[in-house]
1. Counting just the residues of region 237-283 that are of a type in the set (A, V, I, L, M, F, W, C) and crowded, with 20+ Cβ neighbours inside 10 Å, which one comes out farthest from Asn751 (Cα to Cα)?
2. Out of Phe478, Phe459, report the one residue that is in contact (Cβ under 8 Å) with a residue 60 or more places away in the chain and not in a strand (DSSP E or B).
3. Any residue at all in region 670-687 that is under 20 Å from the mean Cα position of the chain (by Cα), modelled with pLDDT of 90 or more, open to solvent by 20 Å² or more (accessible area, probe 1.4 Å) and within 21 Å of Val136 (Cα to Cα)?
4. Can you pull out the residues in region 314-336 that are in contact with a Gly (Cβ under 6 Å, 6 or more places away or on another chain), in contact (Cβ under 8 Å) with a residue 40 or more places away in the chain and either hydroxyl-bearing (Ser, Thr, Tyr) or over 30 Å from Ala385 (Cβ atoms) (or both)?
5. Can you list residue pairs whose Cβ atoms sit under 6 Å apart, with the first residue in region 246-258 being of a type in the set (Phe, Trp, Tyr) and the second being in a strand (DSSP E or B) and open to solvent by 80 Å² or more (accessible area, probe 1.4 Å)? Count only pairs 6 or more apart in sequence or on different chains.
6. Among residues belonging to region 383-438 that are assigned to a strand (DSSP E or B) and of a type in the set (Gly, Ala, Ser), point out the one that is surrounded by the most Cβ atoms within 10 Å (Cβ to Cβ).
7. For a quick check of your reading of the model, give me the residue pairs whose first member lies in region 588-605 and is farther than 14 Å from Ala643 by Cα and modelled with pLDDT under 90, whose second is among the acidic types (Asp, Glu) and open to solvent by 40 Å² or more (accessible area, probe 1.4 Å), with beta-carbon atoms closer than 6 Å and at least 6 apart or on different chains.
8. Residues that are surrounded by fewer than 15 Cβ atoms within 10 Å (Cβ to Cβ) and either of a type in the set (Ser, Thr, Tyr) or outside any loop (DSSP other than H, G, I, E, B) (or both): does region 697-711 have at least one?
Amino acid sequence: MQFLKSTHSILFLLSLISSLTFGQATLKGTVSDEQHTVLPFTNVVLYNSTDSSLVKGIITDLQGNYSILGITPGSYYVEVSMIGYINFSEAVSITANDFSERHIDFSLREEINQLDEVVVRSEKALYEKSSDRIVVNVQSSTTAKGKSVLQVLAKSPGVLVNQQSGNISLYGKSGVLVMINGKMMRLPPDAVIQLLDGMSAANVEKIELITHPPAGFDAEGNAGIINIKTLQQDELGTSGSASATLGYNQAETWGGNLTLNHRGKGYNLFADYSRLTDRNKQSWLDNRKIFGSPFDQTVKSVQQREPTTTSQNLRAGAEWNLTSSTSLNLVVTGSHRNWDMDGLTETDQHLKPDSSIHTQMKLHESNIWKSGSASIGFNHQFDSAQSISVNMDVMNYKNDNPSTYDVTQTIQNLQSTNSRIEVSKETPIRFKIASIDYQNQIKKNMKFVLGAKGTISDFENVVEVKEGSGELLVNKEFSNTSNLHEKIWAGYMGLSLQLAASTDLQAGLRYEYTDSNLGTLENENLIDRQYGNLFPSLTVTKKLGTENVFNLAYSRRITRPTFNEMAPFVFFTGPNTFFEGNPTLRPAITDALEVSLQKGALWLSAKYSYTKNQIGALQPVLNKETGVQVYKSLNMDYVNLAAFSTSYSIGIKKWWDIQTEATLYLQNFQTSYTNTEYTKSDVYLSLSATSTITLPRHFSLEISGNYQSKQYWGIWEFAPMGQLDIGFKKKLGSGTLSLVFSDILHTYIWNSDIILPDKKSSANWKYDWNARAIGLTYSVNFGNNKVKAATIKSVSDEERKRVN
């Protein structure tokens, strides 16, 4: 924690002394050896100190002279190398006053053991910023080795993953959409989390956190979009990669992945498969108190869980260039995830002064997700300015969620009674999606886009609950069959303009009409809604000199209730605690504004958003008469959120980089679902830092940490939490061996309190994921590593999140 505070102090100090710079300079000089003999044909390379990226390079002439022209102000280092000599480097700072030239001579020492080869390598910075997104370069992270995509995402700036509620938030806002290579994950939020948890980060190039999507994207997701891009290469031929990982937390973890890609003239074939099995042990404490006079009722529950998760994912496809201007692509996907858990819950209930109840519940739960999809796309380029694309998707999902609960209950330490609860839940979900998109580069500085999209979806949710001490009888209160049919029609237009040499504007307008019907056997029109909304977006970007950028962005977005949030269902965690759906949920609308300034490697931004009917997941509803606690999604009245962010990349040495990110949140919200209107304001902080050290003999070390201060989520109050990881990496031929220690301080624990506005009850919830682990991963690439991978986008991009 002290390390993070110190890093943030350095970041703040550097941001104060940063200044705008203009002008260009020339760097010139002579390279010689220790005997002052000039060295012709020597490599002189200029790198950016911020991310070690190549700026310019040159070789010396016959007289050993070099001259590098057109250098913009900034911090650099020069590396001078020649076979037979020891490499030499020197830091160089170019300021606005260096508008003419700088003269630096270099002297190289002879290498006793001559090098076989001189290789110049450049690693991308872990975090990069642009006008509408943050980019996380996954391959630059050592601690990402052997991790799932979800684990990498959970450590990304501004991202908060709650696996228990199946929720991902970005900069304090929920309703995030997740895409892979521009293709939306049309799964429920918890299923998206499960799928990402089964995907290996070894095949991921970068993660884009898009806070202000343009009008071409669906308006769904008020927090923005997370786009996961897989590795891509450039040339013809066959390539592939494979990796295997072994690990241990409270039990073993193992898995692997294989990727194949073949690109020929006019076609490309690809396939990738991954499998991950993770066994663990987790604990869940749930304590509740109802204040009374003179007696306080209490319910204390402890649950020990032993889940085993097995995930398999397959993706394959092809693309063909039918002509020089027309292409056709096909993608099929399949996934299977089984979360199988045995658990034991011990509950002590004291609702009357002269009565106590002890309950032991043995539970077994399976949560099985199966999915298959097929996507076809047609793209045509009319000329150099105009193009059109047509896409169609068909997707099917099925969720089986059987559970059994064996309950032994003892009252006042007297004779025990036994009973059993059996829950079956089957949910098939189907999607049909089609879209058409047209774009025209009207002028060099003007681009126009136009498009339409239609989505038809339906699902059936069948829940049956049986219980009894002998013959099991159907509990009609929790058993039901529900159907949801939904149609969403959308049209959009957008315009990109270069207003001046240094100023760009993007404006868009999208309209979406939703027709949604949720019914049960008893009531065919339980929820019947038709509504339309306009979603404007605007982004203005202005360059200030060569390295500074000002950005202003506005957007309006919607978060529709997920299917599973609306559908009636029940999931028991104890005799007095369960989860259920809420058919009355309304969609949330968010207006968001952001102003940001980039000054070289420093990024400052201020964000503000107002959300009406914010959907709060896992909000508690307590029955004070029975002591039963129900968790379900509920609409909050509104949420005001302001966020101030800063990030900086510090190149302390050529071999040592530190990247930091900090965000201060100011939140104000109101709820009325607690029988008492409740308004709350709070301030909380998010910090993250990553230190990367390059060591000799192809070793590297990465230390990364993140911290989240106390914050509110509806009427939940989450205690501070964080995580510290250390990773070592060693290059072995064409492969890489990584050793990663995760959550070494064992601080990734959810600890939260519920204090109801009426002050008549309180609750505490603590969930230990046992994230502390050790993992060993070996990965290797084979074939032509410059082969360009397929980049296929599907029309079903924005629906996968709402399967739930």
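1. Applying the first criterion (of a type in the set (A, V, I, L, M, F, W, C)) to region 237-283 yields 242, 244, 246, 251, 254, 258, 260, 269-271, 276.
Now restrict to residues that are crowded, with 20+ Cβ neighbours inside 10 Å: 270, 276.
Details: Phe270: 44, Leu276: 28 Å.
The selected residue is Phe270.
2. Details: Phe459 fails: not in a strand (DSSP E or B).
Just one listed residue meets the conditions, Phe478.
3. For region 670-687, residues under 20 Å from the mean Cα position of the chain (by Cα), modelled with pLDDT of 90 or more, open to solvent by 20 Å² or more (accessible area, probe 1.4 Å) and within 21 Å of Val136 (Cα to Cα): present.
4. From region 314-336, those in contact with a Gly (Cβ under 6 Å, 6 or more places away or on another chain) are 314, 321, 329-331, 334; that's our starting set.
Those still in the list that are in contact (Cβ under 8 Å) with a residue 40 or more places away in the chain too: 314, 321, 329-331.
Selection gives Leu314 alone.
5. Matching pairs, first to second residue: Trp254/Leu246.
6. Pass one, region 383-438, residues assigned to a strand (DSSP E or B): 386-400, 403-411, 416-438.
In the following step, the residues that additionally are of a type in the set (Gly, Ala, Ser) were identified as 387, 389, 403, 416, 419, 424, 434-435.
Working: Ser387: 16, Ser389: 18, Ser403: 19, Ser416: 12, Ser419: 16, Ser424: 15, Ala434: 16, Ser435: 24.
It comes out as Ser435.
7. Once the first residue is farther than 14 Å from Ala643 by Cα and modelled with pLDDT under 90 and sits in region 588-605, its partners that are among the acidic types (Asp, Glu) and open to solvent by 40 Å² or more (accessible area, probe 1.4 Å) give Gly600/Glu547.
8. In the first step, residues of region 697-711 are kept if they are surrounded by fewer than 15 Cβ atoms within 10 Å (Cβ to Cβ); the result is 697-699.
Subsequent filtering for residues that are either of a type in the set (Ser, Thr, Tyr) or outside any loop (DSSP other than H, G, I, E, B) (or both) retains 699.
Yes: region 697-711 contains one or more residues that are surrounded by fewer than 15 Cβ atoms within 10 Å (Cβ to Cβ) and either of a type in the set (Ser, Thr, Tyr) or outside any loop (DSSP other than H, G, I, E, B) (or both).
The values are calculated or read from the model by the stated rules, or taken from the named source; none is laboratory data. Predicted model, so just to flag it, every value in this text is computed and none were measured. A quick note on method: Cβ atoms are made from the backbone with ideal geometry, for glycine too, and the neighbour counts reach across all protein chains shown. Remember, those area values only see protein heavy atoms, side chains included, never the ligands or the DNA or RNA. Shrake-Rupley method; radii C 1.70, N 1.55, O 1.52, S 1.80 Å.
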